[in-house]
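The values are calculated or read from the model by the stated rules, or taken from the named source; none is laboratory data. Remember, predicted model here, so these are calculated numbers, not experimental data. Positions of Cβ are backbone-derived with ideal geometry, glycine not excepted, and every protein chain shown enters the neighbour counts. SASA here: full protein model, heavy atoms, side chains in, ligands and nucleic acids out. Shrake-Rupley method; radii C 1.70, N 1.55, O 1.52, S 1.80 Å.
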Amino acid sequence: MKYFFYQILGFLFLACGIIGIVVPLLPTTPFLLLSASLFFRSSPRVYNWLLNHRYLGTYIRNFQQERTIPLRVKIIITTLLWITSLHCFFLILNHWILKSFMLLIAISISIFIFSFKKSSKSNNNIPPQKI
């Protein structure tokens, strides 16, 4: 029963991580790492599928083993973040406190993302770990 619960949570967090790819303020990496951890505990088959996934696998392995984020991903993340934040700043929010809070969040997330090392080309070919 515990393994089934872990697997359900794993798929839930995987969905949140995938949604976070296109929604700027929803974090992608923590959800993907959490889903990988839950799959590791519940289903070796699903865990290996996730680590061997064409798009997500390399990203997860790079972060798990090297704690790096590719420069291209950093640029995409911050660009989407700032487009959304500036849209809210100019078109949606009308109180200066809310606008200040929005800018503070965008600046903080940008600093956090760029605090990670960028991955080199050699890190993109890290072989998946089999369990």
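Results, tabulated for the structure shown:
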read-out: Where Lys99 falls short, out of the listed (1) modelled with pLDDT under 85; (2) touching a helix residue (DSSP H, G or I) at 6+ places or on another chain (Cβ under 7 Å); (3) of a type in the set (D, E, K, R); value: (1)
read-out: Selection status of Lys117, farther than 22 Å from Phe13 by Cα, at pLDDT below 80 and open to solvent by 50 Å² or more (accessible area, probe 1.4 Å); value: no
read-out: Subset of the stretch 1-59 (residues that are part of a helix (DSSP H, G or I), closer than 30 Å to Met102 by Cβ and modelled with pLDDT under 85); value: Gly20, Ile21, Val22, Thr29, Pro30, Tyr59
read-out: Failed item, numbered, when Ile83 is tested on (1) more than 17 Å from the chain's Cα centre (by Cα); (2) assigned to a helix (DSSP H, G or I); (3) free of Cβ contacts under 8 Å to residues at least 24 places away in the same chain; value: (3)
read-out: Test: residue in the stretch 90-97 that is aliphatic (A, V, I, L, M), over 12 Å from the mean Cα position of the chain (by Cα), surrounded by 14 or more Cβ atoms within 10 Å (Cβ to Cβ) and on the phi < 0 side of the Ramachandran plot; value: yes
read-out: Neighbours by Cβ (under 8 Å, 6+ apart or cross-chain): first from the stretch 94-107, within 20 Å of Lys74 (Cβ to Cβ) and touching a residue at least 40 places away in the same chain (Cβ under 8 Å); second surrounded by 10 or more Cβ atoms within 10 Å (Cβ to Cβ) and hydroxyl-bearing (Ser, Thr, Tyr); value: Ile105/Ser85
read-out: The stretch 65-89, residues that are under 18 Å from Ile18 (Cβ atoms) and either among the aromatic types (Phe, Trp, Tyr) or surrounded by 15 or more Cβ atoms within 10 Å (Cβ to Cβ) (or both); value: Ile69, Pro70, Val73, Ile77, Leu80, Leu81, Thr84
